[in-house]
Amino acid sequence: MKKVFGVGLLCVVLLLVLGCTSTDVVTTTVPLVYTNNVSTKFVILGEVRYESSDRIGYNEMLKAARRLYPDCDYVIDIMIDHKTVVTTKTTWLLFRPIQLVDTVETYIMRGTAIKYVK
């Protein structure tokens, strides 16, 4: 009798826990392979440019391309520029120079958005 009660209580607890649990699923589709051969047909949609102060990768570039061209399948011919601006300010405090250095880094990606022809 105690085993039946224990199993029943366990089922009720599991039902309450699983009934109150929600799952949020986010699916991201990223192409893994680009082949540039004669049999691959695609249409050039246009140029894409993406800038960020953080390091950026292909996923951010593809998201930027899909914002401009919703039917974009891939981004090719990607160039990455790293721009650094260093500003030095010198102030005098009690006849002594103090330098304050401010560095701003920007990553710029440029590429070509394409759509495969099926």
Report summary line: Residue by residue through the stretch 101-118, the couplings from Karplus 6.51 cos²θ - 1.76 cosθ + 1.60 with θ = phi - 60°, in Hz, x for Gly and Pro, are 10, 10, 10, 10, 10, 9, 9, 10, 10, 10, x, 10, 7, 10, 10, 6, 9, 9
Report summary line: For the stretch 79-96, in residue order, the Karplus 3J(HN,Hα) values (coefficients 6.51, -1.76, 1.60; θ = phi - 60°; whole Hz; Gly and Pro = x) are 10, 10, 10, 10, 10, 10, 10, 10, 10, 10, 10, 10, 10, 10, 10, 6, 6, 10
Query - Cross-link table Lys63/Lys115; Lys41/Lys115; Lys63/Lys83, entries beyond 18 Å C-alpha to C-alpha - result: Lys63/Lys83
**Report entry** Ranked packing of 60-68, 100-108, most packed first, by mean Cβ within 10 Å
**Finding:** 60-68, 100-108
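Coordinate-derived values only; no laboratory data. None of the values given here were measured: they were computed from a predicted structure. Positions of Cβ are backbone-derived with ideal geometry, glycine not excepted, and every protein chain shown enters the neighbour counts.
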